[in-house]
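The values are calculated or read from the model by the stated rules, or taken from the named source; none is laboratory data. Everything numeric in this text was worked out from a predicted model, so none of it was measured. No Cβ is skipped: glycine too gets one built from the backbone with ideal geometry, and neighbour counts run over all protein chains shown. For accessibility, only protein heavy atoms count, side chains too; no ligands or nucleic acids. Shrake-Rupley method; radii C 1.70, N 1.55, O 1.52, S 1.80 Å.
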Amino acid sequence: MKKLHLFLLFGLISACFIGCATTKTSGSGIKGKSASVNTGKRVIVDYQGATLGKEVPEWVALLVEGQYSQKVLSLVMPDLEHKKVFVTMGRGDNLDFVQTWTDLVDIETEVGGTLERVAGKAVEAEMKGRAAASGKQVEPSEMERLVNMYRASLVNVRFSGLERTASYWIETQVMDGKKVAGDYFEYYAVWKMDEKLFDKQLKEAMTKIDETSTEAKELKEIVGKKLRESVAISNDESVVNDADEFVVSN
């Protein structure tokens with residue numbers, strides 16, 4: 001089994017999910033005459049709905065281009081208005097395994113780590129900004145204490161209320177001249193969650209964060225804002241790099 005590469009545009013899954021919602025979305029204009037679309041370095045040999053002559057959905061094309069934000073996706077997926085949006089992208093040589101692993105494992109196990117990384121970076125940026133404004137140096141021990149405090153509160157957080165609103169798969173062959181050098185499936189899923197519910201659970205996860213002083217309270221508000229605005233989670237840069245050379249054409 002090839003190593004599974006994936007993206008997460010911020011999210012998780014609860015074991016109590018019951019079914020998945022569906023969403024009506026517009027096509028992307030990408031459609032092959034048959035199940036094969038020539039892409040140069042890569043060839044799409046099959047995709048969801050290809051046998052019926054359907055187009056690749058526009059939201060899939062946006063993900064391939066690296067467009068993951070709620071603001072962008074809601075333009076082609078109206079049911080994402082006022083929702084916290086998460087995206088998962090899995091890759092492997094067995095479609096069933098990729099779908100199952102991405103939906104039931106990776107989105108849950110990755111979210112905590114991503115939250116703590118975002119919080120850590122936000123704390124560092126704010127502390128350095130304050131120090132620069134005052135002409136002072138950042139105290140390393142204090143920086144470490146604050147970063148660890150936020151990371152500890154967020155690394156194991158789990159959210160409930162997440163729904164999968166759309167999913168899609170594509171089978172791609174990597175060509176070496178006229179020879180097939182590799183074959184893999186990519187699986188894309190868009191998840192949504194009520195923004196107010198997300199904010200409520202995020203607030204609960206951060207209840208132990210120190211806010212006894214004005215500066216601590218302001219820092220907590222800033223970090224919370226960054227977490228709410230965060231739209232993407234990635235644990236492997238190779239998928240990002242692939243997007244640069246993966247250009248779909250008719």
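Things worth noting here:
- Search result, residues across the stretch 174-196 that are touching a residue at least 60 places away in the same chain (Cβ under 8 Å) and open to solvent by 50 Å² or more (accessible area, probe 1.4 Å): Met175, Asp194, Glu195
- Any hit, the stretch 23-33, residues being under 23 Å from the mean Cα position of the chain (by Cα), buried (at least 18 other Cβ atoms within 10 Å of the Cβ) and at pLDDT 90 or above: no
- Candidates in the stretch 202-218 are the residues that are buried (at least 17 other Cβ atoms within 10 Å of the Cβ) and under 25 Å from the mean Cα position of the chain (by Cα); of these, the one that is nearest to Gly120 (Cα to Cα) is Met206.
- Considering the stretch 126-155, the residues that are polar (S, T, N, Q) and surrounded by 10 or more Cβ atoms within 10 Å (Cβ to Cβ) include one that is modelled with the highest pLDDT, namely Asn148.
- Helices (runs of 4 or more DSSP H) enclosed by the stretch 42-107 - at least 1 residues per element that are in contact with a Lys or Arg (Cβ under 8 Å, 6 or more places away or on another chain): 70-73, 95-101
- Qualifying residue in the stretch 36-57 (condition: closer than 30 Å to Glu229 by Cβ and either modelled with pLDDT of 85 or more or open to solvent by 40 Å² or more (accessible area, probe 1.4 Å) (or both)): yes
- Residue match in the stretch 194-205 (condition: at pLDDT 85 or above, more than 25 Å from Tyr47 (Cβ to Cβ) and outside any helix (DSSP H, G or I)): yes
- Filtered residues of the stretch 79-102 (kept if open to solvent by 10 Å² or more (accessible area, probe 1.4 Å) and touching a residue at least 24 places away in the same chain (Cβ under 8 Å)): Asp79, His82, Lys83, Lys84, Met89, Arg91, Asp93, Asn94, Leu95, Phe97, Gln99, Trp101
- Of the residues making up the stretch 134-150, those that are farther than 15 Å from Ile209 by Cβ and polar (S, T, N, Q) are Ser134, Gln137, Ser141.
- Whenever a residue of the stretch 150-173 is at positive phi, its partners that are open to solvent by less than 50 Å² (accessible area, probe 1.4 Å), lying with C-beta atoms within less than 9 angstrom and at least six residues away or across chains, give the pairs Gly161/Ser14; Gly161/Met193; Gly161/Phe198; Gly161/Gln201.
- Test: residue in the stretch 158-165 that is more than 22 Å from Glu195 (Cα to Cα) and exposed (fewer than 15 other Cβ atoms within 10 Å of the Cβ): no
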